[in-house]
Amino acid sequence: LTSAGAPAVAAVAGSPYPIVPSAPVGSGLSNYTIGYVNGALTITKPDLIFTSDSYSKVYGVAFNAFTGDITGIQNGDAITATYASAGSAADAAFGTYPITITESAPAGILANYNIIKNEGTLSVTKRSLTVVANDKTKLYGDTVLLTGIVNGVQAGDNITFTYSSAGTALTAPVGTYSSAITMSDPDSKIGNYNLSLPPATLTVTLRDLI
């Protein structure tokens with residue numbers, strides 16, 4: 001029996017292929033009237049599985065080093081895949097993003113497969129943001145400018161901080177006062193950060209009275 005047009009690389013699109021019986025071999029064939037009935041060879045689609053690996057990155061860092069696996073390629077078919085995610089940009093907000101898979105192959109090849117995609121995820125984690133109000137000391141009756149240090153704000157994020165204390169008043173009695181930190185975040189970016197505000201103090205000391 002032979003199946004015309006159906007070598008190992010025959011396409012699913014051409015299925016079913018006829019199976020043609022011919023050239024019988026055996027003793028006593030002259031005693032028979034031989035008839036032939038064609039059969040059919042049906043080619044089904046194998047599974048072609050694309051899987052993208054999952055990753056995690058910190059907010060503010062760009063990421064494009066995606067990888068993945070392809071299983072089920074038949075007959076050395078030139079099938080490849082690329083991976084992408086909206087979370088790859090440096091300014092992608094805190095959260096979890098799918099890693100999409102785009103398959104590529106010569107024309108007509110992918111039609112021979114049952115394509116399955118297992119998309120991974122790219123998780124954007126929060127960046128540490130530390131705001132430290134500087135400890136200050138002033139004499140009773142003096143003025144003082146409160147300052148601080150901000151570590152971790154990413155370029156382009158319009159987050160600023162101001163510092164205040166009851167001890168800055170000219171009439172504030174001698175003593176130790178806590179410093180308060182006020183944040184301005186007009187673009188609502190703080191959700192991308194783990195914010196730390198260590199305490200600070202303003203100390204008002206005695207003034208010499210001569």
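Charge tally for E119 (other residues, Cβ to Cβ under 13 Å; Lys, Arg +1; Asp, Glu -1): -2. Relative to one another, the C-alpha centroids of segment 162-197 and segment 62-84 are positioned 51 Å apart. Comparing Cα centroids, segment 101-146 and segment 21-43 end up 69 angstrom apart.
Counting lysine pairs in the chain that sit 8 or more residues apart in sequence, or on different chains, and whose Cα atoms lie under 20 Å apart gives 4. Taking every protein chain into account, the accessible area of the chain amounts to 60 square angstrom per residue (probe 1.4 Å).
Over segment 73-210, what percent of the accessible surface lies on carbon and sulfur atoms, probe 1.4 Å? Provide the component values of the computation, followed by the final result.
On the way: 4280 of 7860 Å².
On segment 73-210, the fraction of accessible area on carbon and sulfur atoms equals 54 percent.
Amide H contacts for I115 (H built 1.01 Å from N in the peptide plane; partners 5 or more residues away or on another chain; cut-off under 5 Å): L48. Of the chymotrypsin sites (Phe, Trp or Tyr not before Pro) found in segment 21-111, the ones in coil according to DSSP and having at most 14 other Cβ atoms within 10 Å of their Cβ are Y32, Y36. Remark: relative contact order (segment 44-137) = 39 percent; criterion is Cα-Cα distance under 8 angstrom and separation of 6 or more residues. Taking label positions 7 Å along the Cα-Cβ direction at both D187 and N134, the computed distance is 2.7 nm, reported to one decimal. Computed from the C-beta positions of I34 and T80 and an R0 of 41 Å, the FRET efficiency is 0.20 to the nearest 0.05. Our coupling estimate for segment 49-57, obtained by passing each phi through the Karplus curve with A = 6.51, B = -1.76, C = 1.60 and θ = phi - 60°, is 10, 9, 10, 9, 6, 9, 9, 9, 9 Hz, Gly and Pro reported as x.
The values are calculated or read from the model by the stated rules, or taken from the named source; none is laboratory data. All values derive from a computational prediction rather than experimental measurement. Cβ coordinates were reconstructed from backbone atoms using ideal geometry, including for glycine residues, and neighbour counts include every protein chain displayed. The accessibility values were calculated without ligands, DNA or RNA, using every heavy atom of the protein model including side chains. Shrake-Rupley method; radii C 1.70, N 1.55, O 1.52, S 1.80 Å.
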